[in-house]
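Have a look at the structure below, then the notes.
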Amino acid sequence: MSGAKRKNRRQATGRARRASAARKLRVAVVIGTRPEAVKMAPVVLALRAARSRFETRVVLTAQHREMADDILAHFGISPDQDLDLMRPKQSLFVTTSRLVARMEGVLDAEKPDVVLVQGDTTTTFVAALAAFYKGIRVGHVEAGLRTDDKANPFPEEVNRRLTSHIADLHFAPTETARRALLRERVPSGSIFVTGNTVIDALLWTKGRLPRKLPAVLSRVDTSKRIVLVTSHRRENWGAPLVDVCLALEDIATAFDDVQIVFPVHPNPVVKNTVTRILGRLRNVLLLPPLDYGAFVALMSRASLILTDSGGVQEEAPSLGVPVLVLRRKTERPEAVRAGVVRLVGTDRKRIVRVSTRLLSDRAAYRAMARRKNPYGDGRAASRIARVLAGLRA
């Protein structure tokens, strides 16, 4: 081969390498539910802020239709693909089968280098599975949460375990989550402790709140102590939710200076039970689901929170608001160990007893009302983006 030909070949090889290095990493961020939208929004914003490195595509399955839409709008994010998946009274079987079929077309069209999923929903597991079928790398945000009980929460515990066995990159929110993954023989080099992106979302939103409560909260009586309640989890449907509502009735009757504010999930199984038991009580305010800004504003004003939500367990410690968890088990033990969250389950007497103590005993209340959050510092999304920036397209 002549010297000129060798030189031309080297130049061509160099150009090809530079072109490959310059190609942006194409990242598909898959979102299904309201909590996923809250926790993935900071990741989308971080990736889009680094446009020279990433081409970011947002895929919305709409497992939660209006609630996910509102969250994305709050953060100024529009989906690039909207699968409009859900139908009334759709079962897990139908959701799963429809989602896996639709994801094939999305992945063929978008051709991502990495698919990012979050948490433990049906969207999370099925999107990860579809990416695996296509040979696409999977990054799992909020990896490693465990209760070690397949039925609690259902079906989320199994979803997160299966996703961990598919994922290539594990973005663990805490050291506890990292250790859980290591116990399951996930390679240590694929685990990155980032903090939880929900703290990013909370602090981003809190910094933009107006001083006055939004109009949707006009009936909240700020002269009273606010007890904020959320409850929607599938394992609490039926008798457990009835017990929770009866406990709230007892608390409302016992404390005239308290207003219980309950944004009610639209699922008829939840809504009908809550409305039947609590709908006529003078100091109970039932609201429709709130947009994220209004919900953060309400959390910031609350004296006490009762919830079965995972995200609220993570958010409230940054606000110094004690949290009682309406579940038998939690995959977020860090805040329990820190003393700012307490597991009370759905037993009526126990909920009333613990709530009464916190509302009556200042010392007990102060012991829990500390701004101590083990879930992060508000920079989780930027850490995730830095890890992704080290990948080749």
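Looking at the range 144-160, can you tell me whether even one residue there is of a type in the set (S, T, N, Q), assigned by TED's automatic domain parsing to the domain that holds Lys271 and crowded, with 18+ Cβ neighbours inside 10 Å?
Start the filter on the range 144-160 by keeping residues that are of a type in the set (S, T, N, Q), which leaves 147, 152, 159.
Going one step further and asking which of them are assigned by TED's automatic domain parsing to the domain that holds Lys271, we end up with none.
Checked against the condition, which is being of a type in the set (S, T, N, Q), assigned by TED's automatic domain parsing to the domain that holds Lys271 and crowded, with 18+ Cβ neighbours inside 10 Å, the range 144-160 yields no hits at all.
Does Asp347 satisfy being at pLDDT 95 or above and touching a helix residue (DSSP H, G or I) at 6+ places or on another chain (Cβ under 9 Å)? Reasoning before the result, please.
Details: at pLDDT 95 or above: yes; touching a helix residue (DSSP H, G or I) at 6+ places or on another chain (Cβ under 9 Å): yes.
Taking the combined requirement at face value, the residue satisfies it.
Test each condition in (1) surrounded by 15 or more Cβ atoms within 10 Å (Cβ to Cβ); (2) within 23 Å of Thr330 (Cβ to Cβ) for Arg183 and report the one that comes out false.
(1)
Specify which of the listed residues (Leu246, Leu241, Leu217, Leu213) is hydrophobic (A, V, I, L, M, F, W, C) and within 26 Å of Met40 (Cβ to Cβ). Let's see the steps before the verdict.
Values: Leu246 fails: within 26 Å of Met40 (Cβ to Cβ); Leu241 fails: within 26 Å of Met40 (Cβ to Cβ); Leu213 fails: within 26 Å of Met40 (Cβ to Cβ).
Only one candidate passes the filter, namely Leu217.
Can you find even one residue in the range 35-42 that is within 20 Å of Ile136 (Cα to Cα) and either modelled with pLDDT of 95 or more or not small (Gly, Ala, Ser) (or both)?
Of the range 35-42, the ones within 20 Å of Ile136 (Cα to Cα) are 40.
With either modelled with pLDDT of 95 or more or not small (Gly, Ala, Ser) (or both) added as a condition, the list becomes 40.
Yes; the residues of the range 35-42 include at least one that is within 20 Å of Ile136 (Cα to Cα) and either modelled with pLDDT of 95 or more or not small (Gly, Ala, Ser) (or both).
Can you name every residue in the range 299-320 that is surrounded by fewer than 23 Cβ atoms within 10 Å (Cβ to Cβ) and farther than 12 Å from Thr230 by Cα?
Hits for the range 299-320 are Ser300, Arg301, Ala302, Ser303, Ser318, Leu319, Gly320.
Go through the range 340-379 and report how many residues are among the hydrophobic types (A, V, I, L, M, F, W, C) and either in a helix (DSSP H, G or I) or surrounded by fewer than 14 Cβ atoms within 10 Å (Cβ to Cβ) (or both).
Within the range 340-379, the first condition is being among the hydrophobic types (A, V, I, L, M, F, W, C), and the residues that meet it are 340-341, 343-344, 351-352, 354, 358-359, 363-364, 367-369.
Retained after the next criterion (residues that are either in a helix (DSSP H, G or I) or surrounded by fewer than 14 Cβ atoms within 10 Å (Cβ to Cβ) (or both)): 351-352, 354, 358-359, 363-364, 367-368.
Residues that pass the stated criteria total 9.
What are the residue pairs meeting all of these: first residue in the range 329-358, first residue farther than 15 Å from Glu314 by Cβ, second residue at pLDDT below 90 and buried (at least 20 other Cβ atoms within 10 Å of the Cβ), Cβ atoms under 7 Å, and 6 or more apart or on different chains?
Final answer for the pair search is Thr346/Asn236.
Which numbered condition trips up Leu209, out of (1) at pLDDT 95 or above; (2) not assigned by TED's automatic domain parsing to the domain that holds Glu314?
(1) is the only condition that Leu209 fails.
Would you pick out the residues in the range 165-176 that are surrounded by fewer than 24 Cβ atoms within 10 Å (Cβ to Cβ) and either modelled with pLDDT under 95 or of a type outside the set (Asp, Glu) (or both)? Break it down stepwise before answering.
In the first step, residues of the range 165-176 are kept if they are surrounded by fewer than 24 Cβ atoms within 10 Å (Cβ to Cβ); the result is 165-166, 168-169, 174-176.
His165, Ile166, Leu169, Thr174, Thr176 - these are the residues of the range 165-176 that are surrounded by fewer than 24 Cβ atoms within 10 Å (Cβ to Cβ) and either modelled with pLDDT under 95 or of a type outside the set (Asp, Glu) (or both).
Which of (1) modelled with pLDDT under 85; (2) more than 19 Å from the chain's Cα centre (by Cα); (3) under 23 Å from Leu203 (Cβ atoms); (4) not hydroxyl-bearing (Ser, Thr, Tyr) is the odd one out, the single condition Gln90 does not satisfy?
(3)
Of all strands (runs of 3 or more DSSP E) completely enclosed by the range 103-197, which ones contain at least 3 residues that are in contact with a Gly (Cβ under 8 Å, 6 or more places away or on another chain) and either under 16 Å from Val29 (Cβ atoms) or of a type in the set (Gly, Ala, Ser) (or both)? Before the answer, list the steps.
Numbers: elements: 114-118, 137-141, 169-172, 191-193.
In the range 103-197, the matching strands (runs of 3 or more DSSP E) lie at 114-118, 169-172.
The values are calculated or read from the model by the stated rules, or taken from the named source; none is laboratory data. Quantities reported herein were computed from a predicted structural model and do not represent experimental measurements. Glycine gets a Cβ as well: all are built from the backbone with ideal geometry, and neighbour counts include every protein chain shown.
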